[in-house]
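**Q** Quick one: the structure is below, and I'll ask about it shortly.
The values are calculated or read from the model by the stated rules, or taken from the named source; none is laboratory data. Just so we're clear, the structure is a prediction, and the values are computed from it rather than from any experiment. Virtual Cβ from ideal backbone geometry, glycine too; neighbours counted across all protein chains shown. Heads up: the accessible areas ignore ligands, DNA and RNA and are worked out on the full protein's heavy atoms, side chains in. Shrake-Rupley method; radii C 1.70, N 1.55, O 1.52, S 1.80 Å.
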Amino acid sequence: MSRLERLLAALQKFYGALPMPPRDPFTLFVWEVLSVHSTPRKRDAALAALKRIPALTPDAMWRAPQKKLEESVKLAGPYSENRLAALRTGVDVFRRSPKLPSVIRGPLLAARRALRPLPQLGETGAHRMLLLAADQRILPVDARVSRVGRRLGYGEAHDEFRRQARSVQDALTRELPPSVDAFRRAFLYLSHHGAATCTEADPHCLVCPVLKDCPAGQRRTGREE
């Protein structure tokens, strides 16, 4: 078992079973749009409301009454107009490209190209789509994963986030078993740890389950030998 696998086992024991994001490509896209400037509770409430309409397929959302869509999306919080515009664009992309779900399971170059027209994804969101909905062995490194990875000693620090994220991604990937499930587990627990405990401004090091194996945490708590 690698060091990273031991760290992930400790995080899993500490947090218990965590809910996995949606596996369906369109539902995951909607989940991504609702997640921006929202909280998990509000995002999930909006997603549940869209499911009740129902509006969680491209055709169903295209046919759904506008008022019901607006009411559902507003549950995610502010910027509802931006969310609705992004969802409309996404619906058009998925309806024009019915083979998109199968394309993103194929060669990475074509998969990345197919995802580019989708709004609000960016590189990290596209990586989440490839891992969670397309079974591609690629580790998404958002700000949380990058922060946790660097504090644990993975990758190199850079002023440019993209360069740091790729450095952290490479370092973490080297210690992961070559399975999609392992990559999903790593993303899920590292990202959750970055949100719940290893926060940016005031990390809760004293309750952290991996403090003994965290160089940054050891320095912060004065336990470094």
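**Q** Need one number: nm distance between label points at ARG88 and ALA48, each 7 Å from Cα along Cα→Cβ, rounded to one decimal.
**A** Taking the two extended label points, one gets 2.9 nm.
**Q** Here is a further query. Using the alpha-carbon atoms, what tilt in degrees (0 to 90, nearest 10) does helix 80-96 show relative to the longest principal axis of the chain?
**A** 70 degrees
**Q** Also, quick follow-up: Rounded to the nearest 0.05, what FRET efficiency do GLN218 and TYR15 give with R0 = 30 Å and r taken as the Cβ-Cβ distance? Could you check?
**A** Calculated transfer efficiency: 0.90.
**Q** A follow-up question, please. When volume of the Cα convex hull per residue in Å³ is calculated directly from the model, which label among (1) 117; (2) 136; (3) 128 fits?
**A** Only one option fits the structure, namely (3).
**Q** Students sometimes get this wrong: rank HIS37, HIS158, HIS193 by accessible area, probe 1.4 Å, all chains present, largest first.
**A** Order by accessible area, largest first: HIS37, HIS158, HIS193.
**Q** By accessible area of protein heavy atoms, probe 1.4 Å, what ranking do TYR79, TYR15 get, highest first?
**A** Highest to lowest solvent-accessible surface, that is TYR79, TYR15.
**Q** So if I place +1 on the C-beta of Lys and Arg and -1 on the C-beta of Asp and Glu, and nothing else carries charge, what would the dipole magnitude of segment 1-142 be about its Cα centre? I want it in debye, nearest 20.
**A** Around 140 debye, computed over segment 1-142.
**Q** Sticking with this structure for a sec: Once each part is reduced to its C-alpha centroid, what is the distance from segment 12-43 to segment 104-172 in angstrom?
**A** Segment 12-43 and segment 104-172 have Cα centres separated by 16 Å.
**Q** Under a crude label model (7 Å from the Cα following the beta-carbon direction), how far is ARG163 from ASP135 in nanometres?
**A** With each label placed 7 Å out from Cα toward Cβ, I get 3.8 nm.
**Q** Next question, about the same structure. Counting only protein heavy atoms and a 1.4 Å probe, tell me what percentage of the chain's accessible area is made up of carbon and sulfur.
**A** 52 percent
**Q** Treating the angle as unsigned and between 0 and 90°, give the value, to the nearest 10°, between the Cα long axis of helix 40-52 and the longest Cα principal axis of the chain.
**A** Taking Cα atoms only, the helix is inclined about 30 degrees.
**Q** Another one. Can you list the residues of segment 143-173 with backbone N under 15 Å from a point 7 Å past the Cα of HIS37, pointing along Cα to Cβ?
**A** What the label zone holds, given the 15 Å backbone N cut-off, is no residue at all.
**Q** Between MET1 and SER97, what is the FRET efficiency for a Förster distance of 41 Å, r being their Cβ-Cβ separation, to the nearest 0.05?
**A** That gives a FRET efficiency of 0.50.
**Q** If you don't mind, there's one more thing I want to ask. Over the chain, give the accessible area per residue in Å² for a 1.4 Å probe, as an integer.
**A** That works out to 53 Å² per residue.
**Q** Toward the positive end of the charge dipole of segment 1-107, about the Cα centre and with charges on Cβ (Lys, Arg +1; Asp, Glu -1), which of THR57, PRO25, LEU4 goes farthest?
**A** LEU4
**Q** Right, here's the next one. Trypsin sites (Lys or Arg not before Pro) within segment 1-56: which are DSSP loop residues with at most 15 other Cβ atoms inside 10 Å?
**A** Filter output for segment 1-56: ARG23.
**Q** Then there's this: For segment 1-97, what is the Kirkwood estimate of the hydrodynamic radius, computed as the reciprocal of the mean inverse distance between distinct Cα atoms, to one decimal in Å?
**A** 14.6 Å
**Q** Which order do ARG163, ARG116 take by accessible area at a 1.4 Å probe, largest first?
**A** Heavy-atom accessible area, descending, gives ARG116, ARG163.
**Q** Please report how many Lys pairs in the chain have alpha carbons closer than 18 angstrom, counting only residues at least 8 apart along the chain or sitting on separate chains.
**A** 7
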